[in-house]
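**Student:** Quick one: this structure, given as structure tokens, is what I'll be asking you about.
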Ligand code: NAD
Ligand code: DAU
């Protein structure tokens, strides 16, 4: 199989490349990534010498630079490439529309033209909007995106659907809940809080800290996408989540306790604009129809993750330089 992974230098994409290269060493894996602030080839060091792995720097919105790759013959596209951070989408929405909507449409067009046999769109539970205190998102929940990020992902999802309905492109959409684990960029809640705690810096908790996210260890997301690639029924959407709902303040307190740091580091700050209150995923469809089950519960996953960041301080230091620093200063002030 020739597998084209987009965004494979980012958090989930790099975990996915590592997972697939180990599980299917005979597959040819081509990783294309524009290497934005979020892309980091350090994540892929252990696969660099793999004979069936190749990295190509390319932007998914640039059709001409992708054409030759598709012309070589691609069986499966797994589209992870995206602008992924909600806070950034509030500051600068334009690039979210460009990459997430236009980039996805560019890939769909190439997939159609060159006859790929599967196009998997890695989407998010955020396209469903927000939940109240009860209930779960199912695949039938109407799309009601609330942030520029989630609106751009919802736009991409509809284009993926349209290419299936109109042109018969063999597609799937996965909608996963919040991921955590190794190589996550420290703009996201868990690595940001771990890093700040290690440096005895304030931990900025938005609003009242009672917003709820449904956490999934990244490797369990990778195994779900693997299953969808191999067994997903064309045209279907699959929700992915492990029923690990936690309030943000609970997550932050767990991190402080694990690191032996005081709760006095917690600092409540101004809430995120349009902050979705609660996400929770019903993943019965992928469990029952494709046989997926996550291997990590929240307690073991968060401990493993904290340990990874403790063991990989150099990775964090590397990431905290360059372009990211500019954003960090804009968002949080001088560090
Ligand atoms: P990330 O920001 O860590 O990585 C995104 C990657 O895409 C980076 O390597 C970046 O360089 C690359 N990229 C950005 N723009 C590009 C472009 N124009 N062309 C080519 N490459 C480009 O994101 P992530 O957290 O790994 O998320 C990956 C995907 O999974 C996204 O589509 C996101 O919407 C989705 N998702 C994320 C989560 C989560 O909790 N992080 C949950 C569900 C779904
Ligand atoms: O649900 C899936 C989504 O999860 C993905 O589609 C997104 O790509 C991914 O970024 C993530 O979005 P969230 O907005 O939920 O993740 P984030 O880590 O930014 O924030 C998690 C929660 O923590 C959210 O309620 C906001 C809050 N938060 C976040 C940061 C960065 C804080 O309280 N303080 C912070 O400093």
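A short reminder: the numbers here are calculations on the coordinates, not readings from a lab. The structure presented is a predicted model; accordingly, all values stated were derived computationally and were not measured. Cβ sites come from the backbone with ideal geometry, for glycine too, and all protein chains shown count toward neighbours.
**Student:** So what are the radius of gyration and Dmax for the Cα set of the chain, in Å?
**Tutor:** 19.0, 57
**Student:** Quick check: the angle from helix 11-23's long axis to the longest principal axis of the chain, C-alpha only, nearest 10 degrees?
**Tutor:** Helix 11-23 sits at roughly 60 degrees to that axis.
**Student:** Roughly speaking, what is the centre-to-centre gap between the stretch 250-267 and the stretch 289-316 when only Cα atoms are used, to the nearest Å?
**Tutor:** Cα centroid to Cα centroid, the span is 18 Å.
**Student:** Taking square-rooted eigenvalues a ≥ b ≥ c of the alpha carbon gyration tensor, is the stretch 1-128 rounded, prolate or oblate, where a/c under 1.5 means rounded and, failing that, a/b exceeding b/c means prolate?
**Tutor:** The shape class here is oblate.
**Student:** Okay, next question. Once every DSSP H run of n ≥ 4 in the chain is given -39500 (n - 2.57) and the sum is divided by its residues, what mean residue ellipticity at 222 nm do you get, rounded to the nearest 500 deg cm²/dmol?
**Tutor:** -12000 deg cm²/dmol
**Student:** Right, here's the next one. Given a Förster distance of 45 Å, report the FRET efficiency between residue 206 and residue 35 from their Cβ-Cβ distance, rounded to the nearest 0.05.
**Tutor:** The computed FRET efficiency comes out at 0.95.
**Student:** Using packing as a proxy for protection, rank 34-43, 144-153 so that the peptide with the highest average count of other Cβ atoms within 10 Å comes first.
**Tutor:** Output ranking for 34-43, 144-153: 144-153, 34-43.
**Student:** Hey, quick one: spin label on residue 2, modelled 7 Å out along Cα-Cβ, who in the stretch 25-61 has an amide N within reach, i.e. under 18 Å?
**Tutor:** Counting only backbone N, you get 25-33, 51-58.
**Student:** Treat each spin label as a single point 7 Å out from the Cα along the C-beta direction, and report the residue 57 to residue 258 distance in nm.
**Tutor:** 3.4 nm
**Student:** To the nearest 10 degrees, how steeply does helix 189-198 sit against the main Cα axis of the chain, on a 0 to 90 scale?
**Tutor:** Taking Cα atoms only, the helix is inclined about 40 degrees.
**Student:** May I pose another question? With N set to the residue count of the stretch 197-273, report its C-alpha Rg divided by 2.2 N^0.38 Å to two decimal places.
**Tutor:** Taking the Cα Rg and dividing by 2.2 N^0.38 Å, one obtains 1.49.
**Student:** Right, another one. Using only Cα atoms, locate the centre of the stretch 1-51 and the centre of the stretch 52-84, then give the distance between them in Å, rounded to an integer.
**Tutor:** Between the Cα centre of the stretch 1-51 and that of the stretch 52-84, the gap is 12 Å.
**Student:** Report the Stokes-Einstein translational diffusion coefficient (µm² s⁻¹, integer) for the stretch 89-199, Rh taken as the Kirkwood radius over Cα pairs, at 4 °C with viscosity 1.567 mPa s.
**Tutor:** Diffusion coefficient, whole number: 83 µm²/s.
**Student:** Once both axes come from the Cα atoms, what is the angle between helix 218-231 and the longest principal axis of the chain, in degrees from 0 to 90, rounded to 10?
**Tutor:** Helix 218-231 sits at roughly 20 degrees to that axis.
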